[in-house]
Amino acid sequence: MITVKSLMRRISQVMAAAALMPLAHAAPSASGQPVEGAIAGSADGMALYQAHCAACHDGQVPRAPHMITFSTIGADTILNAMNNGVMRAQASALSASEREVLAGFLAGEAMAPPKPILACTDPMSELASADAAAMQGWGGNAKNHRHSDGAGLDRNNVDRLALKWVFAYPGALRARSQPLVHDGVIFVGSQSGDIYALDLESGCAHWTYSAGSEVRSSLSLGQVPGRDDPVLYMGDFSAAVHAIDASDGSLIWRSSVGGHPDATITGSPKLHEGSLYVPISSSEWATAADPGYACCTFRGGVVSVDAASGEVNWRAHVIDEPAVETGETNLFGAARKGPAGAPVWNSPTIDAERGVLYVGTGESYTSPAADTSDAVLAFSLATGERQWAKQLLGGDAWNMACFIGEAANCPEEDGPDLDIGASIVLWSGGERDYLLVGQKSGDVYALDPDKGGAVVWHNKVGRGGFLGGVHWGMSANGDSLFVPIADTTITGRFSGPVSPGIHALDPTSGEVRWYTPSVADCDGKSPIPVCDQGMSAAITSTDQLVFAGSLDGNLNVYDSLSGEILWSFDTFGDFESVSGDTALGGSIESDGPVLYKGHVLINSGYQFGARMPGNALMVFSLPPEADLARSTRDE
């Protein structure tokens, strides 16, 4: 079996050879057949790469995956990214055959095609309409606490967790769709756009549904009037929302809600009382790197969709004014447009008592930065009317052009790109409510929802940076707010002391109760992709425990009162999957741990910004009660 270490060495050798050899053989198409014509050939693949890709993927752009990572994935997936995914704008100038040549070249000596997934032999049991043990969607509940009642895990038994099985996402280099467990079935999306219904006990697949575009968000599940079976909802990278029957994966409806060519859905849609609230982000921050692109026009927002029909109830924008031409051009003659930007990366927070939802926003893409960028916004659940906006960082305008030499579309502010990427936590303590906010700057705030978001307290617990500070998600139990800090360094822009790890704060005052640093476990892990100990992924808590993954691939469990590490597992490496294929574990990024009836689920592997790629869904569980009792007696 090829290990991850030897694989990374082989990738480097293959790509170095590809760059030096006078290649003349026909490059394979995504279907494996040679491509004929004037541009066919691996040498032409290198020429295409140098002309269209090298400026970003040779390491100059921290957010762009390094060239060597492409050799761990098949040409089909690379081609899909250029045709339908994150690279569609950048590849728009290439012909269909040029894309095929480039995909085949980048795939190089890719790993063998994945084996077919393991199909269940027994039919799925009828799904219950509700499951009190399940975490509901991305945030665990409508208020985004990311908290579980314990799932049978406590500080006395968590050290007995053991790996139960591993699922390998076919043709994937990252695993970022947070699993949803309901009535013993795991529902999860993938980089390929496939949705899987996996049996919790065995990992076999009951059914697969193809969304057609990457699914980055967690799924939501609920009941629709007139239907007996529960319904699953998810958003895809093309900004389409899908509703499918949870029992068999059949499509009920599909609705495109983006409203902009570069619109995407990254944050998880939130289901509440018959409506699905969908956050809208975009890839225009990357499209802006093209000096010939008229930058920029995306406005960010939230869309309310009828859960039964898919019809849009209302659409609310983060930036009120549509973008217009400013009358200026960039250095390459492309028109300058604006205002633009302020994507919504996070899953909305529902405040049913006040009849509003809250979201955090990202940076502006154009100068001057909009006053609703890097802000917390409150919208009416019923109408989408904005109730208030509280900006926490002004003057933040940035796009990917700022990393490119010509920088034709880089706003004059040039960042620092410190979004509010994590969902807002609505927390009640005593006789008042708090909106708890974490920002990529490393700042944590408590806002007053009854006073237009007025700041109650503020504490800076991290240095911050492009990947956080606080990146994807905090967690809160009844006593504490748990704050993961990345403070990872991928450029030289941010300096000063760093504090990666977990911070426990008093939600009423912001006072730090404990801090447990994250220590790098990078020995033997390739420096390219980058390995460090930052905690960028969302975390999950119970009354006694905190579950958190790190960029070096470690999954840790902390005592919620002391911060002591009670259990740890290194997910980096290669693991045999339930299908007999090899699953690769890497960085833990974006989505966080899911708890369910003595089980812990985590995705491992994240090819983005030179992080450690992988394609593993790992399921841990306590041993059966009989084995646990026997082990206890032996001690």
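The values are calculated or read from the model by the stated rules, or taken from the named source; none is laboratory data. Computed from a prediction, not measured in an experiment: that's the story for all the values here. Ideal geometry is used to build each Cβ from the backbone, glycine not excepted, and the neighbour counts take in all protein chains shown.
Here is the figure for the range 171-195: residues that are in contact (Cβ under 8 Å) with a residue 60 or more places away in the chain and more than 21 Å from G267 (Cβ to Cβ) total 3. In this entry, G468 passes the filter for residues that are on the phi > 0 side of the Ramachandran plot, assigned to a loop (DSSP other than H, G, I, E, B) and modelled with pLDDT under 95.
Could you list, in sequence order, all residues of the range 427-463 that are in contact with a Gly (Cβ under 6 Å, 6 or more places away or on another chain) and among the charged types (D, E, K, R)? Matches in the range 427-463: K440, K460, R463.
Please report, ordered by residue number, the strands (runs of 3 or more DSSP E) entirely within the range 114-228 with at least 2 residues that are on the phi > 0 side of the Ramachandran plot, of a type in the set (G, A, S) and surrounded by fewer than 18 Cβ atoms within 10 Å (Cβ to Cβ).
Numbers: elements: 162-168, 180-182, 185-188, 194-199, 205-210, 220-222.
Output list is empty.
Kindly check whether there is at least one residue in the range 367-387 that is modelled with pLDDT of 95 or more, within 14 Å of A288 (Cβ to Cβ) and under 23 Å from the mean Cα position of the chain (by Cα). Checked the range 367-387: no residue is modelled with pLDDT of 95 or more, within 14 Å of A288 (Cβ to Cβ) and under 23 Å from the mean Cα position of the chain (by Cα).
Looking for something crowded, with 24+ Cβ neighbours inside 10 Å, under 19 Å from V257 (Cα atoms) and under 21 Å from the mean Cα position of the chain (by Cα) - is there at least one such residue anywhere in the range 332-342? Yes, the range 332-342 contains at least one residue that is crowded, with 24+ Cβ neighbours inside 10 Å, under 19 Å from V257 (Cα atoms) and under 21 Å from the mean Cα position of the chain (by Cα). Against the conditions (1) at pLDDT 95 or above; (2) more than 19 Å from V158 (Cβ to Cβ); (3) buried (at least 24 other Cβ atoms within 10 Å of the Cβ), G510 satisfies every one except (3).
Conditions tested, residue by residue: (1) crowded, with 23+ Cβ neighbours inside 10 Å; (2) closer than 29 Å to D543 by Cα.
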| site | (1), (2) |
| --- | --- |
| G415 | no, no |
| I424 | yes, yes |
| K460 | no, yes |
| G468 | yes, yes |
| M474 | yes, yes |
| T488 | yes, yes |
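Only residues that are out of contact with any Ser or Thr (no Cβ under 6 Å at 6 or more places or on another chain) and more than 30 Å from C56 (Cα to Cα) were counted across the range 276-304, and they come to 4. Of all the listed residues (A537, A548, A446), the sole one being touching a residue at least 24 places away in the same chain (Cβ under 8 Å) and in contact with a Ser or Thr (Cβ under 7 Å, 6 or more places away or on another chain) is A537. In the range 568-606, of all residues being part of a loop (DSSP other than H, G, I, E, B) and among the β-branched types (V, I, T), the one that is nearest to M474 (Cα to Cα) corresponds to I588.
Where in the range 261-325 are there strands (runs of 3 or more DSSP E), lying fully within it, with 3 or more residues that are modelled with pLDDT of 95 or more, surrounded by fewer than 18 Cβ atoms within 10 Å (Cβ to Cβ) and not assigned by TED's automatic domain parsing to the domain that holds A408? Please lay out each step first, then the result.
Values: elements: 270-272, 275-282, 301-306, 312-317.
Per the criteria, no element qualifies.
A Cβ distance below 6 Å, combined with a sequence gap of six or more or placement on separate chains, defines the contacts here; from the range 326-355, residues that are in a strand (DSSP E or B) reach residues that are among the aliphatic types (A, V, I, L, M) and crowded, with 23+ Cβ neighbours inside 10 Å in the pairs T349/I424; T349/L426; I350/L357; D351/L426.
Just one of the listed residues (S499, S495) is assigned to a loop (DSSP other than H, G, I, E, B) and modelled with pLDDT of 90 or more, namely S499.
Could you please let me know if D396 is of a type in the set (D, E) and buried (at least 23 other Cβ atoms within 10 Å of the Cβ)? Spell out the reasoning first.
On the way: of a type in the set (D, E): yes; buried (at least 23 other Cβ atoms within 10 Å of the Cβ): yes.
Yes, satisfied.
Between S568, S590, S577, the distinction of being of a type in the set (S, T, Y), over 21 Å from L200 (Cα atoms) and over 19 Å from the mean Cα position of the chain (by Cα) belongs to S568 only. Applying the set (1) over 30 Å from G573 (Cα atoms); (2) buried (at least 20 other Cβ atoms within 10 Å of the Cβ) to D245 leaves exactly one unmet item: (2). Would you call R493 charged (D, E, K, R), touching a residue at least 24 places away in the same chain (Cβ under 8 Å) and under 19 Å from S560 (Cα atoms)? Criteria not met by R493. So, of the residues in the range 531-550 that are touching a strand residue (DSSP E or B) at 6+ places or on another chain (Cβ under 6 Å) and closer than 18 Å to R176 by Cα, which turns out to be surrounded by the most Cβ atoms within 10 Å (Cβ to Cβ)? It comes out as M535.
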